[in-house]
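Enquirer: This is the structure, below, for whatever I ask next.
The values are calculated or read from the model by the stated rules, or taken from the named source; none is laboratory data. Computed from a predicted structure; not experimentally measured. Note that we place each Cβ from the backbone using ideal geometry, even for glycine, and neighbour counts take in every protein chain shown.
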Amino acid sequence: MRTPLTGLGTALVTPFTRDGAVDEAAVRLLVRRQVAAGVHFVSPCGTTGEAPTLSQAEKLRSVEIVLDEVAGRVPVLPGAGGYDTREVIALTRAFEQMGVGGILSVTPYYSKPTQDGLYEHYKAIAGSTGLPIVLYNVPGRTGVNLEVRTVARLAEIPNIVGLKEASGNVIQMCEVYAACGAEFLLLGGDDPLTVAVMAIGGRGIISVASNAMPAEMVQIVELCERGDYVAARKLHTWLLPFIQVNFVEANPIPVKAAMAAMGLLEEVYRLPLVPPSAGARDRIMHVMQDLKMLGAAARI
C-alpha cells in the first residue's frame with residue numbers, strides 16, 4: 001500500500017524568465033502537468049530546481065505557488081538542505097508554517113562533515129520541526145557519503161522517515177533496507193536504477209526524467225508496486241536513452257533543454273550553469289526524436 005511520500009515524486013526544475021526571474025506562470029503550468037499525469041508527490045527547490053542559486057524568498061514563493069497548484073491533491077516535499085544547519089532549520093520552519101508535507105534534506109556539501117557531524121546536523125533539524133524528514137544522500141555532488149550505520153541511527157528519530165539514495169550503490173541501498181526495515185522509506189534518486197531500487201524494497205523514486213515524461217515514469221513505478229517487473233522493465237528500457245541523456249552534462253542542464261524543446265519552458269539557467277554544449281544538445285535532440293518527444297508538451 002502506498003503511503004505519503006512514496007511512489008513517483010518529481011524533482012521539479014525551476015523555470016526562469018528571459019530576464020532571470022522565477023517564471024511563476026511556468027511553475028504553475030509544470031505543476032498542473034505533473035498532477036494531471038498522476039505523480040504521487042512533487043519536490044521543488046532541490047538540486048534539479050537549481051536551489052543553490054535561489055534566494056530564500058524565491059524558495060518560499062516557489063513553494064507557495066506549488067502548494068496553491070496542487071491544492072492538497074499530492075504532497076509537496078521541498079528541498080531544505082545545505083552546510084549551514086541554522087539556515088536549514090530556519091527554512092524548514094518557514095516551510096512548516098506553509099503546510100508542506102515534509103522536507104527533503106541533502107547532506108551538507110563541500111564542508112565534508114564526519115558521520116557524527118552528519119548525525120548531529122540531522123538530529124538538530126529533526127528537533128526543530130514536526131515535519132517528516134527525508135534524508136538525501138548524493139555523494140557524487142556533495143563529497144560526503146551518508147553511511148548505512150548513520151542512516152540507521154537517524155532512522156531511530158521519529159520524524160526522520162526515509163532516505164533518497166542517489167549514491168548509485170545498489171549494495172548500500174540493500175544494506176539500508178536491511179538495517180532500517182520496510183517502514184523506513186527507501187527512495188531511489190537515480191532514474192536508471194528505478195526498477196532495481198523498487199525490486200530490493202524501495203518505496204519509490206524522486207525523478208529527474210519525470211519533469212519531461214511524468215506519465216511514463218508514474219507507470220514504471222506503479223508497475224513495480226504491483227509486482228509486474230516484466231512490464232516495468234520493458235517500459236524502463238524504452239525510456240532509458242532519455243533517462244541517460246539527462247546526465248550527459250550536469251543536471252538539470254539536459255532536462256531543461258529537453259523541456260524547452262517540448263515548449264514547456266524558456267531555456268534559461270542561472271550561472272554557473274549554462275546551456276548544453278553543441279555536442280550534448282545534438283545527443284539530447286537525437287534521443288527525443290527517436291522517442292517522438294518533440295512537440296509532445298500537449299500530451300501528459
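Enquirer: I'm checking my understanding of the structure. Among residues of region 174-221 that are of a type in the set (D, E, K, R) and over 24 Å from residue 13 (Cα atoms), which one is modelled with the lowest pLDDT? Let's see the steps before the verdict.
Expert: To start, the set of residues in region 174-221 that are of a type in the set (D, E, K, R) comprises 175, 183, 190-191, 203, 216.
Checking the rest, the ones that are also over 24 Å from residue 13 (Cα atoms) come to 175, 183.
Working: 175: 98, 183: 95.
This residue is 183.
Enquirer: Select, from 95, 41, the only residue that is under 16 Å from residue 12 (Cβ atoms), under 16 Å from the mean Cα position of the chain (by Cα) and of a type in the set (Phe, Trp, Tyr). Don't jump to the end; show me each part of the working.
Expert: Working: 95 fails: under 16 Å from the mean Cα position of the chain (by Cα).
When all the criteria are applied, what remains is 41.
Enquirer: Among the residues of region 67-85, count how many are over 15 Å from residue 104 (Cα atoms) and surrounded by 15 or more Cβ atoms within 10 Å (Cβ to Cβ).
Expert: Residues in region 67-85 being over 15 Å from residue 104 (Cα atoms) and surrounded by 15 or more Cβ atoms within 10 Å (Cβ to Cβ): 4 in total.
Enquirer: Out of all the residues in region 183-199, which are over 14 Å from the mean Cα position of the chain (by Cα) and over 12 Å from residue 221 (Cα atoms)?
Expert: Across region 183-199, the qualifying residues are 183, 184, 185.
Enquirer: If I filter region 139-172 down to residues being over 18 Å from the mean Cα position of the chain (by Cα) and charged (D, E, K, R), which single residue comes out as nearest to residue 5 (Cα to Cα)?
Expert: In this case the residue turns out to be 156.
Enquirer: Another question, then. What number of residues within region 31-54 satisfy the criterion of being surrounded by fewer than 23 Cβ atoms within 10 Å (Cβ to Cβ) and part of a helix (DSSP H, G or I)?
Expert: 7
Enquirer: Among the candidates 133, 103, 89, 125, which residue alone is more than 28 Å from residue 24 (Cα to Cα), modelled with pLDDT of 95 or more and of a type outside the set (Asp, Glu)?
Expert: 125
Enquirer: Of the conditions (1) in a helix (DSSP H, G or I); (2) more than 16 Å from residue 45 (Cβ to Cβ); (3) in contact with a Ser or Thr (Cβ under 7 Å, 6 or more places away or on another chain), residue 92 fails just one. Which one is it?
Expert: Residue 92 satisfies all of (1) in a helix (DSSP H, G or I); (2) more than 16 Å from residue 45 (Cβ to Cβ); (3) in contact with a Ser or Thr (Cβ under 7 Å, 6 or more places away or on another chain) except (2).
Enquirer: Among the candidates 19, 68, single out the residue that is closer than 18 Å to residue 94 by Cβ, modelled with pLDDT of 95 or more and of a type in the set (D, E, K, R).
Expert: Working: 19 fails: closer than 18 Å to residue 94 by Cβ.
Answer to the selection: 68.
Enquirer: Next question, about the same structure. For region 176-198, which positions are touching a residue at least 24 places away in the same chain (Cβ under 8 Å), in contact with a Gly (Cβ under 8 Å, 6 or more places away or on another chain) and outside any helix (DSSP H, G or I)?
Expert: 184, 185, 186, 187, 188, 190
Enquirer: Would you mind stating whether residue 231 is surrounded by 20 or more Cβ atoms within 10 Å (Cβ to Cβ), more than 24 Å from residue 166 (Cβ to Cβ) and not β-branched (Val, Ile, Thr)? Show your work before the answer.
Expert: Numbers: surrounded by 20 or more Cβ atoms within 10 Å (Cβ to Cβ): no; more than 24 Å from residue 166 (Cβ to Cβ): yes; not β-branched (Val, Ile, Thr): yes.
In short, no.
Enquirer: Could you go through region 55-65 and let me know if any residue there is crowded, with 22+ Cβ neighbours inside 10 Å, of a type in the set (S, T, N, Q), assigned to a loop (DSSP other than H, G, I, E, B) and out of contact with any Cys (no Cβ under 6 Å at 6 or more places or on another chain).
Expert: No, there is no match, as no residue in region 55-65 is crowded, with 22+ Cβ neighbours inside 10 Å, of a type in the set (S, T, N, Q), assigned to a loop (DSSP other than H, G, I, E, B) and out of contact with any Cys (no Cβ under 6 Å at 6 or more places or on another chain).
Enquirer: Of these, 10, 14, 47, which one is touching a residue at least 40 places away in the same chain (Cβ under 8 Å), of a type outside the set (Lys, Arg) and within 17 Å of residue 105 (Cβ to Cβ)?
Expert: Details: 10 fails: within 17 Å of residue 105 (Cβ to Cβ); 14 fails: within 17 Å of residue 105 (Cβ to Cβ).
Step by step, each of 10, 14, 47 is checked, and only 47 is touching a residue at least 40 places away in the same chain (Cβ under 8 Å), of a type outside the set (Lys, Arg) and within 17 Å of residue 105 (Cβ to Cβ).
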